[in-house]
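Data block below; observations after.
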Amino acid sequence: MTYTRTGTIHVDQFMNAPPAKVWRALTDPELHAKWWAPGDISDRPGHEFHLQMPGFGDIPCKIVEAEPPKRLVYTFNGDWTLTWELIEEGHGTRLLLTHSGFDLDDKRQRDACERMGPGWRDEVLPRLEKSLLDLD
């Protein structure tokens, strides 16, 4: 029997906006395209969609779980799962992102895991927070 080593990225980031605003940015296709990638995302469990990732093309995704405005889980690229947890904290939101399912025995996936951790923390989630400033 062989075992696959799996990698997971955890990001804990405070957003200076209430959970309802963060939820909208995560699940509204027009808003989502502004901070991460275009695609027909929603918050309906079972909904299948594609995110158009620059340099990688259309990535298939499927909503697994949605509990507005607290938890959104979807598959990404067949191998990975993105779990977004929103916790009200003062006048803002503690956003906990878990990006799981990286096969660390596969060099490409291991490299992706190593790149995506800082990418989420230093690039993507700051763009998400900036996009929240424009929401009413």
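The values are calculated or read from the model by the stated rules, or taken from the named source; none is laboratory data. Keep in mind that this is a model prediction, so the values were computed, not measured. Cβ sites come from the backbone with ideal geometry, for glycine too, and all protein chains shown count toward neighbours. Heads up: the accessible areas ignore ligands, DNA and RNA and are worked out on the full protein's heavy atoms, side chains in. Shrake-Rupley method; radii C 1.70, N 1.55, O 1.52, S 1.80 Å.
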TODO: Would you point out the residue of the stretch 92-111, among those that are crowded, with 17+ Cβ neighbours inside 10 Å and not polar (S, T, N, Q), that is farthest from Tyr74 (Cα to Cα)?
DONE: Gly92
TODO: For the stretch 38-58, enumerate the residues that are under 25 Å from Asp103 (Cβ atoms) and surrounded by fewer than 17 Cβ atoms within 10 Å (Cβ to Cβ).
DONE: Glu48, His50, Gln52, Met53, Pro54, Gly55, Phe56, Gly57, Asp58
TODO: Report whether or not Asp134 is assigned to a strand (DSSP E or B), among the acidic types (Asp, Glu), open to solvent by 30 Å² or more (accessible area, probe 1.4 Å) and under 17 Å from His32 (Cβ atoms).
DONE: no
Open item on the list: Take the conditions open to solvent by 20 Å² or more (accessible area, probe 1.4 Å) and more than 14 Å from the chain's Cα centre (by Cα) and apply them to Glu65. Does it pass?
Closed with: no
TODO: Restrict the check to the stretch 56-68 and report whether at least one residue is free of Cβ contacts under 8 Å to residues at least 24 places away in the same chain, out of contact with any strand residue (DSSP E or B) (no Cβ under 8 Å at 6 or more places or on another chain) and not in a loop (DSSP other than H, G, I, E, B).
DONE: yes
Open item on the list: Looking only at the stretch 80-131, count every residue that is free of Cβ contacts under 8 Å to residues at least 12 places away in the same chain and assigned to a helix (DSSP H, G or I) and tell me the total.
Closed with: 11
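For Glu88, are the conditions met, namely being out of contact with any Pro (no Cβ under 9 Å at 6 or more places or on another chain), farther than 13 Å from Leu128 by Cα and charged (D, E, K, R)?
Considered against the rule, which asks whether it is out of contact with any Pro (no Cβ under 9 Å at 6 or more places or on another chain), farther than 13 Å from Leu128 by Cα and charged (D, E, K, R), Glu88 comes out as no.
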